[in-house]
1. Testing residue 86 on (1) more than 10 Å from ligand 1 (Cβ to nearest atom); (2) closer than 15 Å to residue 111 by Cβ; (3) in contact with a strand residue (DSSP E or B) (Cβ under 6 Å, 6 or more places away or on another chain), one condition comes back false. Which one is that?
2. Would you tally the residues in segment 100-118 being in a helix (DSSP H, G or I), surrounded by fewer than 18 Cβ atoms within 10 Å (Cβ to Cβ) and in contact with a strand residue (DSSP E or B) (Cβ under 9 Å, 6 or more places away or on another chain)?
3. State whether the residues of segment 119-140 include one that is surrounded by 17 or more Cβ atoms within 10 Å (Cβ to Cβ) and assigned to a helix (DSSP H, G or I).
4. So how many residues does segment 5-36 have that are surrounded by 13 or more Cβ atoms within 10 Å (Cβ to Cβ), touching a strand residue (DSSP E or B) at 6+ places or on another chain (Cβ under 7 Å) and farther than 24 Å from residue 78 by Cβ?
5. I'd like to check something: does segment 64-71 contain any residue that is more than 16 Å from ligand 1 (Cβ to nearest atom) and more than 13 Å from the chain's Cα centre (by Cα)?
6. Do we have residue 32 as near ligand 1 (Cβ under 8 Å from one of its atoms) and closer than 21 Å to residue 143 by Cβ here?
7. Say whether the condition of being in a loop (DSSP other than H, G, I, E, B), at pLDDT 95 or above, buried (at least 19 other Cβ atoms within 10 Å of the Cβ) and away from ligand 2 (no atom under 16 Å from the Cβ) is met by at least one residue in segment 74-96.
8. Can you tell which of 48, 39 is buried (at least 18 other Cβ atoms within 10 Å of the Cβ) and more than 17 Å from residue 118 (Cα to Cα)?
Ligand SMILES: Nc1ncnc2c1ncn2[C@@H]1O[C@H](COP(=O)(O)OP(=O)(O)OP(=O)(O)O)[C@@H](O)[C@H]1O
Ligand SMILES: [Mg+2]
């Protein structure tokens, strides 16, 4: 069964703080799909996660604009952004390494072109633009790993 929750942030800084709480829950192997319109705060959230894990951006040879890899000795995080890509265009772009890495943390904006290639257990975060700097973030989990993330995040923000 799906689990859902809704969170709200009222500034970029608050979204970064949420990302820092979220980062603490990650152990490797988590998949997050970030949805919502341009300027909703998806990239702010992803960069916040990478920064609070202390990860450095490491250049990926192919398609740098579509996939950025952040890593340190223990953790690999992939930031995907497939804006305007079609499903048929994702082959030979260098995603194979990421898809074979079961311990990678994958955070994907505009994820639809690659969705069918990833496990179903992923946390969906739908960023909704409200007034001014307020963003509503609708969370949906559809598996054990993503449910644990959702519950952990809700618990963390309740404190
Ligand atoms: N509550 C908030 N959370 C996150 N960002 C906010 C918030 N309020 C205002 N902002 C601003 O909104 C913008 C969000 O930009 P961001 O690049 O994260 O959007 P995005 O969802 O990744 O868009 P795109 O689909 O183009 O990649 C930033 O300029 C940020 O400063
Ligand atoms: Mg973005």
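The values are calculated or read from the model by the stated rules, or taken from the named source; none is laboratory data. Please read these numbers as outputs of a predicted model, since none were measured by experiment. Glycine gets a Cβ as well: all are built from the backbone with ideal geometry, and neighbour counts include every protein chain shown.
1. The one condition residue 86 does not meet is (3).
2. Residues that pass the stated criteria total 2.
3. Looking through segment 119-140, none of the residues is surrounded by 17 or more Cβ atoms within 10 Å (Cβ to Cβ) and assigned to a helix (DSSP H, G or I).
4. Within segment 5-36, residues that are surrounded by 13 or more Cβ atoms within 10 Å (Cβ to Cβ), touching a strand residue (DSSP E or B) at 6+ places or on another chain (Cβ under 7 Å) and farther than 24 Å from residue 78 by Cβ number 2.
5. The answer is yes, given that some residue of segment 64-71 is more than 16 Å from ligand 1 (Cβ to nearest atom) and more than 13 Å from the chain's Cα centre (by Cα).
6. no
7. The answer is no, given that none of the residues of segment 74-96 is in a loop (DSSP other than H, G, I, E, B), at pLDDT 95 or above, buried (at least 19 other Cβ atoms within 10 Å of the Cβ) and away from ligand 2 (no atom under 16 Å from the Cβ).
8. Unique residue meeting the criteria: 48.
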